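Data first, discussion second: the structure below is written as structure tokens.
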């Protein structure tokens, strides 16, 4: 615990304050001379329901302080996630912030911006002393809301919100192994996710009497062929499935692969093999579609991205499967 | 635009206010009689840098109003993403919120909670009228901060922050089977992530001649025991590992499990078995630590969160492993 009492390092203090997430707002009003005025603020919050009150604070050094101090009315716009540019625009000092913007006219001729997550039209209720800021408390006279996801500001960066998952199991654990083996362990979550995902199309493997190893061989060849038994083994090595050296030959005998190359030591998919793997992958795509449907497109993308980063972080140096380079030719 | 002027539908008005994202805090103080007092609040915000001021508001109807009105000092705790249970606890009315919690002692004997994203120790500076709430403005006398990603509250739900600038993924793929089997397929990414993660500690399994199935049995029992062979099979079913019915018996013969219960039909870990699983899980923790180190705390939390949501979306109805409820007793 720091025990600095008044003079904190401003940068460090701001970083601590930044741990509290906020939305981003633009507050607008009309100056005495009729000019529209607006500033970006993340110091907004709700205060009271009856009467409906909200607050925000503005630096005493702000150029717009006079306008807001004099104003009887102002509008708070909760920005949507695609309004970063507008947030940056109104965070800068400048004259022409409103030029080219579509505006509605709010109470007392105050400007109202478009395409926000929510808007609150307020009448000044109190102005309170707040150190180097003035705290403005306003009564909400009107508001509207859209379905646009809001923009966030967290630890000094713009961010989006991702709903928090319910715990997979229920309660915190009591006992012995808990400290080591818990549902917070990434390894557990990866394993369970992977296994449940595969369970969604395992019937397709079973009905064709294909093992997980067989599936890895067929799907590898569906992307790149011909491959020798050794090359196949290299590609599948990371799975640690029991892929015995004769697996490709066994699949050959079942009519799913065929020999290729001059020496006949490489393998390609047969028509039957291609048919089998396409059916299985189509089922995997169905599982994928239902997962994406549940998570949402944006979060599925996020998950893919994080998994790719984890894969890069743990890559044991596998040969690339998906590349534009020619396969080491053996035919 | 609604033009209701004073009496909004409270539910709808709250939904509009909820578009503004916030962190979640617990504010604590000590009542006049020495009792620790704490409430969950998302109305926190920073106000001023010089002097360092923050604010939050509390309903005039709150049971703790008197304590906070009288208090010269209070502490704001910005909650971390894994502190939902604590947030819910302090959001409820109740006497015993602090029992069993680890506490530090803050200024003027105020209680300080552990494991937050940031903490601010404050001296009351102003108490302002705010409709049905009182606005407390405090001078920050001390603070600290951790690297724990903060918990968010957005549109009425807990959430995590996702940094807005997304890292670009890898290169586009060559095509052949790409339409079906590609590195964009979640199933592929999950499998490869999972397998690579396990590869990081597979040597520990190999040196003890334990199969993946053996590992699942031992780790399940490390969380909950005793279990019958049938119960073990239920817990491990999702993995689709070839767990033959005699697996627990075989582990018994190797001295890793022991019989339990009157009928001797259930299993617990033996001392050797516990030793083995603890060593393996410690190695898994090492892999986890290096992955978290590469991804960063915040993105590891995000990944965990998304995997949990995927698990819930694909859950075939597994028996819960981590619950506080008593196991179906067979001993």
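Which order do A:294, A:202, B:224 fall in if you start with the one that has the fewest other Cβ atoms within 10 Å?
Exposure proxy ranking, most exposed first: A:294, A:202, B:224.
Using a Gaussian network model of chain B whose springs link C-alpha atoms within less than 10 Å, name the residue from B:285, B:11, B:60 with the highest mean-square fluctuation.
B:11
Describe numerically, in nm with one decimal, the distance between label points set 7 Å from Cα along Cα→Cβ at residue B:72 and at residue B:246.
So the label points at residue B:72 and residue B:246 sit 7.7 nm apart.
Using the alpha-carbon atoms, what tilt in degrees (0 to 90, nearest 10) does helix B:297-314 show relative to the longest principal axis of chain B?
Its long axis makes an angle of about 60 degrees.
Hey, what D do you get for the protein assembly as shown in µm²/s if you plug the Kirkwood alpha-carbon radius into Stokes-Einstein at 25 °C and 0.890 mPa s?
Value of D from the Cα-based Kirkwood radius: 87 µm²/s.
When the Cα atoms of region A:184-314 are enclosed in a convex hull and the volume is divided per residue, what value in Å³ results?
So the per-residue Cα hull volume is 122 Å³.
Relative contact order for region A:39-89 using alpha-carbon pairs under 8 Å, separation at least 6, rounded to a whole percent?
Relative contact order here is 26 percent.
Using the number of other C-beta atoms within 10 angstrom as an exposure proxy, rank A:308, A:164 with the fewest first.
Neighbour counts put them in this order, fewest first: A:308, A:164.
Nearest 10 degrees is fine. How inclined is helix A:212-223 to the longest principal axis of chain A, computing both from alpha carbons?
Approximately 80 degrees, to the nearest ten.
Once you wrap a convex hull around the alpha carbon atoms of chain B, what is its projected area averaged over all directions, in nm²?
Mean shadow area of the hull around the Cα atoms is 25.3 nm².
What order do you get for B:278, B:306 when you list them from fewest to most C-beta neighbours inside 10 Å?
B:278, B:306
Let me check against my output: what whole-number percent is the relative contact order of chain B, with C-alpha pairs under 8 Å and at least 6 apart?
Details: 458 pairs, mean separation 46.0, N = 331.
After rounding, I find 14 percent.
May I ask for the equivalent-ellipsoid semi-axes of region A:200-244, computed as the square root of five times each C-alpha gyration tensor eigenvalue and listed largest first in whole Å?
Working through the eigenvalues yields semi-axes of 19, 12, 8 Å.
Using a Gaussian network model of chain B with C-alpha springs under 10 Å, which one of B:77, B:133, B:194 is most mobile by mean-square fluctuation?
B:194
Helix A:271-295 against the longest principal axis of chain A: what's the angle in degrees, Cα atoms only, rounded to the nearest 10?
Once rounded, one gets 20 degrees.
At 37 °C and a viscosity of 0.692 mPa s, what translational diffusion coefficient does Stokes-Einstein give for region B:24-142, taking Rh as the Kirkwood radius over Cα pairs? Give it in µm²/s as a whole number.
233 µm²/s
If each DSSP helix of 4+ residues adds -39,500 (n - 2.57) and the sum is divided by the residues in chain B, what number results at 222 nm, nearest 500 deg cm²/dmol?
Numbers: 10 runs with 112 residues, N = 331.
Here the helix-only value at 222 nm equals -10500 deg cm²/dmol.
Suppose R0 equals 51 Å. What FRET efficiency, 1/(1 + (r/R0)^6) with r the Cβ-Cβ distance, do residue B:275 and residue A:254 give to the nearest 0.05?
So, using R0 = 51 Å, E works out to roughly 0.70.
No value in this document is a laboratory result; all are computed from the given coordinates. Values in this document were obtained by computation on a predicted structure and should not be read as measured data. Please note: Cβ atoms are built from the backbone with ideal geometry, for glycine as well, and neighbour counts cover all protein chains shown.
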